[in-house]
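The values are calculated or read from the model by the stated rules, or taken from the named source; none is laboratory data. Values in this document were obtained by computation on a predicted structure and should not be read as measured data. In this analysis, Cβ positions are derived from the backbone assuming ideal geometry, glycine residues included, and neighbour counts consider all displayed protein chains.
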Amino acid sequence: MRIGVPKETKTLEGRVALVPAAAGDLVKRGHEVWVEKDAGTKSGFSDQQYIDLGVKIAPDAAALYEQGEMIVKVKEPIEGDLAHLRKDHLLFCYLHLAAEPALTRRLLDIGLTGVAFETVELPNGDLPLLAPMSIVAGKIATQVGTTLLHQPQGGKGKLLGGLPSTERGKVVVFGAGKAGGASAELAAAGGANVVVFEMRQDRMDEMMRLGPNVTALYPYHDVVARELATADLVVGAVLVTGAKAPRVLTREMLKGMQDGSVVVDISIDQGGCFETSRPTTWKEPTYVEEGVTHFCVTNMPGAVPQTSSQAICAAILPWVNRMASNSNWREDPALAKGINVEGGKLVHPALQDMKV
């Protein structure tokens, strides 16, 4: 199969879906791999590295999409990409359609098959293609949130870890999955007091094992409001596979927080889990609501493209090969759950009631 890897076009997005070594492996398996010129540059991979492994370089997006039968990219297609997509394309990338009705309509009109990384689901419920970027986003949420608490950034001027003679900072995390767990782990390792809200007992147990400065609680409304009132940094990382994220922080709760506090919404790709969240970019990443700094960048892992590209590529490569090598790939239960749109129809159950 001819596999095309376009250059990402989202604002300040530096990732590439296939690193040279992975593209080279696909070539050795008999596939023809095309990569758009300079697609890997921001991740530290030159066109020559791809060429040396038998990969073909397309001079521009139009040529890339013309050559590709299967399009493998990282982020959802935006206007420049949509102009080149065709009905016969098999698109494999993050889609997050529940939060994007306009994009969903465009993909339905094109009629292509769209398989979303974030809904490829194993029998045990694990999401293997979402996990690596969730971990990266979780770590970034704590790193960025820590910086935004600095006074020159508009924060309250608090050092999360504290030191002798000062109080520790407090981090509240919603969700103890891959993203929330990574965020909580980094915050706890830095010395902050961490409260994690989670509904699953096994995940609460896992969070408690991070250290004596971590508390895991069930998200009762009154308890959430109480903990938020003294929080310095709040991280939202809740997920319903394929569906819009539930709202866990209301504007009224936000009003109860101290000015200069910070909230980071990792769930923004799925519509956001805070009532006051709205999508931002790395170019203009923050805004203030009710005196609280909001960070809601929709491609957080794109800030560390070398790490992120290596991580996502290792996760998706076996699935790319499976889809490219076997015309019966839809019989794989995990990949079947990844199909969001096909032939002009919404396929994933979480999207069935979506208005587009």
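Only one of the listed residues (Gly211, Gly161, Gly191) is more than 18 Å from Val248 (Cα to Cα), modelled with pLDDT under 95 and among the small types (Gly, Ala, Ser). That residue is Gly161. Put simply, of Thr276, Thr293 the only residue that is crowded, with 23+ Cβ neighbours inside 10 Å and either acidic (Asp, Glu) or outside any helix (DSSP H, G or I) (or both) is Thr293.
Considering every residue within the stretch 195-218, establish whether at least one is within 22 Å of Arg15 (Cβ to Cβ) and surrounded by fewer than 22 Cβ atoms within 10 Å (Cβ to Cβ). No, the stretch 195-218 has no match at all. The residue list Val240, Val263, Val235 contains one member that is under 30 Å from Pro349 (Cβ atoms), at pLDDT 95 or above and aliphatic (A, V, I, L, M), which is Val235. So, in the stretch 307-356, how many residues would count as being surrounded by 13 or more Cβ atoms within 10 Å (Cβ to Cβ), touching a residue at least 12 places away in the same chain (Cβ under 8 Å) and either assigned to a helix (DSSP H, G or I) or out of contact with any Lys or Arg (no Cβ under 8 Å at 6 or more places or on another chain) (or both)? Of the residues in the stretch 307-356, 29 are surrounded by 13 or more Cβ atoms within 10 Å (Cβ to Cβ), touching a residue at least 12 places away in the same chain (Cβ under 8 Å) and either assigned to a helix (DSSP H, G or I) or out of contact with any Lys or Arg (no Cβ under 8 Å at 6 or more places or on another chain) (or both).
The residue list Glu284, Glu252, Glu289 contains one member that is under 24 Å from Ala216 (Cα atoms) and free of Cβ contacts under 8 Å to residues at least 60 places away in the same chain, which is Glu252. For the stretch 26-38, the criterion of being under 21 Å from the mean Cα position of the chain (by Cα), of a type outside the set (Ser, Thr, Tyr) and under 29 Å from Gln270 (Cβ atoms) is met by none of the residues.
Filtering Ile71, Ile3 for residues that are β-branched (Val, Ile, Thr) and closer than 28 Å to Pro279 by Cα leaves a single hit, Ile71.
Say we look at the stretch 104-137 and pick out the residues that are among the polar types (S, T, N, Q) and within 20 Å of the chain's Cα centre (by Cα); which of these is nearest to Thr241 (Cα to Cα)? Only one residue tops the list, namely Thr119. The residues of the stretch 55-80 that are modelled with pLDDT of 95 or more and of a type outside the set (A, V, I, L, M, F, W, C), listed by number, are Lys56, Pro59, Asp60, Tyr65, Glu66, Gln67, Gly68, Glu69, Lys73, Lys75, Glu76, Pro77.
Filtering the stretch 12-22 to residues that are farther than 8 Å from Leu53 by Cα and part of a helix (DSSP H, G or I) leaves only Ala22.
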